[in-house]
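**Student:** One structure, as structure tokens, below. Some questions next.
Values quoted throughout were computed directly from the atomic coordinates according to the rules given, and no laboratory measurement underlies them. Nothing here was measured: the structure is a model prediction, and the numbers come from that model. Methodologically, a virtual Cβ is constructed for each residue, glycine included, from the backbone with ideal geometry; neighbour enumeration extends over all protein chains shown.
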Amino acid sequence: MAPGVTLAPVTTTVPGQGLDPADADQQIISSVLAGDRDAFGALIHRYSDPLYRHAMGMTGSPDVAEDILQQSFIKAYNHLGEVRGRFDAWLFRIVANGCKDWLKNIRRTHVSYEEDDQPSPYATPDEDLDRTELRRDLDRALAQLNASLREAFVMKHVEGRSYEEMADLLGTTVGALKMRVHRARESLQALLEEKYA
Amino acid sequence: MMDDRLTPEGAPESALRRPDSTLRTPDAADTAAPEAYEFTGRPVTEVQQWLDGEASEAEARRAEPREAAMWAKLTDETARRGRMTTPAPVLDRLMAAIPAQPAPEPDGVLGKVKKLFGK
């Protein structure tokens with residue numbers, strides 16, 4: 001359990017505890033489909049952190065990240081009976097698509113969220129000025145990447161996934177993802193090197 | 001594998017957070033696709049290799065000291081973001097937003113039979 005999380009911990013009465021994660025997921029899903037709505041909470045607990053990080057990395061906004069997660073979990077709940085294969089990968093795709101849809105919409109409506117002068121959502125009250133500035137500059141630089149480059153960079157460097165995992169989740173090749181990550185780094189370097197290199 | 005990463009604790013230490021010499025041995029998947037470099041049309045720099053766990057930080061710093069120093073700062077920041085957890089009030093709201101009614105039955109033969117004849 002993450003520090004600061006005050007929700008009730010997963011107890012021994014939660015289905016699937018102590019099993020392989022995929023088997024545990026299946027057991028929880030069976031319980032939910034049998035009418036135990038509260039069992040879905042175990043899935044939220046298990047997956048909210050990595051999904052929240054993904055949504056934050058893609059949108060740069062805590063409010064938007066929360067909205068996307070909320071819609072995604074509701075969608076997952078309403079379509080739980082349709083899960084085929086790994087639940088975690090299925091759920092990730094729902095969230096990832098939600099993030100990409102949001103990016104498409106915000107660019108289409110010309111909302112210049114990346115140019116606002118708000119403090120970085122990753123900022124903490126006691127951090128020094130240099131770090132604050134780096135965070136803000138990184139947010140702005142990330143916002144200038146197209147969705148697929150940003151997604152690849154966030155999955156690699158924020159979520160710490162291997163290229164193999166990324167390929168598995170996104171349904172593409174390791175080579176294509178390496179290319180995206182390399183291009184993302186090149187773009188970020190071009191945007192940031194004058195100040196930081 | 002991914003299942004390990006998708007836990008409330010977040011990514012394990014083995015994940016690429018801050019490139020360092022411990023990542024000199026790349027996993028097979030990350031080295032199995034040289035075509036990635038062909039697509040970019042540019043040579044792969046030492047810094048890119050370091051960030052992919054295919055070279056050491058020392059090698060990257062020797063080859064491209066300014067760029068490596070910048071990426072050390074950036075990867076510190078991305079690693080910090082990678083440790084972020086869902087705020088407790090957000091978790092509460094996520095759970096509260098789940099519909100009160102039971103999750104719909106699965107589609108397919110079993111679901112149709114259940115709908116027709118009840119449970």
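**Student:** May I ask you to evaluate 6.51 cos²θ - 1.76 cosθ + 1.60, the Karplus curve with θ = phi - 60°, for each residue of segment A:173-185 and list the ³J(HN,Hα) values in order in whole Hz, giving x for glycine and proline?
**Tutor:** Result, rounded to whole Hz: 9, 4, x, 5, 6, 4, 4, 5, 5, 5, 5, 4, 5.
**Student:** When the Karplus curve 6.51 cos²θ - 1.76 cosθ + 1.60 is applied with θ = phi - 60°, which whole-Hz ³J(HN,Hα) does each residue of segment A:44-57 get, with x for Gly and Pro?
**Tutor:** 4, 4, 5, 10, 5, 4, x, 6, 5, 4, 5, 5, 5, x
**Student:** While we're looking at this one, here's another question. Loop only per DSSP, at most 16 neighbouring Cβ atoms within 10 Å: give me the trypsin sites (Lys or Arg not before Pro) in segment A:16-109, ordered by residue number.
**Tutor:** Qualifying residues, ordered by number: A:Arg84.
**Student:** Here is a further query. Apply the Debye scattering formula to segment A:24-109, with a single equal point scatterer on each alpha-carbon and no solvent, then give log10 I(q)/I(0) at q = 0.13, 0.17, 0.25 Å⁻¹.
**Tutor:** Per q value, in the given order, log10 I(q)/I(0) is -0.41, -0.67, -1.22.
**Student:** Are any of the pairs A:Lys156/A:Lys178; A:Lys75/A:Lys100; A:Lys104/A:Lys156; A:Lys104/B:Lys73 more than 20 Å apart by Cα-Cα distance, and if so, which?
**Tutor:** From A:Lys156/A:Lys178; A:Lys75/A:Lys100; A:Lys104/A:Lys156; A:Lys104/B:Lys73, over 20 Å: A:Lys104/A:Lys156; A:Lys104/B:Lys73.
**Student:** What is the mean number of Cβ atoms from other protein chains located within 10 Å of the Cβ atom of each residue in peptide A:162-169, rounded to a whole number?
**Tutor:** Mean shielding by partner chains, rounded to a whole number: 6.
**Student:** Also, I was wondering about something else. Long-range amide H contacts for A:Gly160: which residues qualify at under 5 Å (H placed 1.01 Å from N, peptide plane, sequence gap of 5 or more or a different chain)?
**Tutor:** Excluding prolines and chain starts, which carry no amide H, there are no hits.
**Student:** Only residues of segment A:159-197 count here: report those whose backbone N is under 16 Å from the spot 7 Å along Cα→Cβ of A:Asn146, or say none.
**Tutor:** Counting only backbone N, you get A:176-188.
**Student:** Given R₀ = 51 Å, FRET efficiency for A:Ala190-A:Ile74 by Cβ-Cβ distance, to 0.05?
**Tutor:** Once rounded, the FRET efficiency stands at 0.80.
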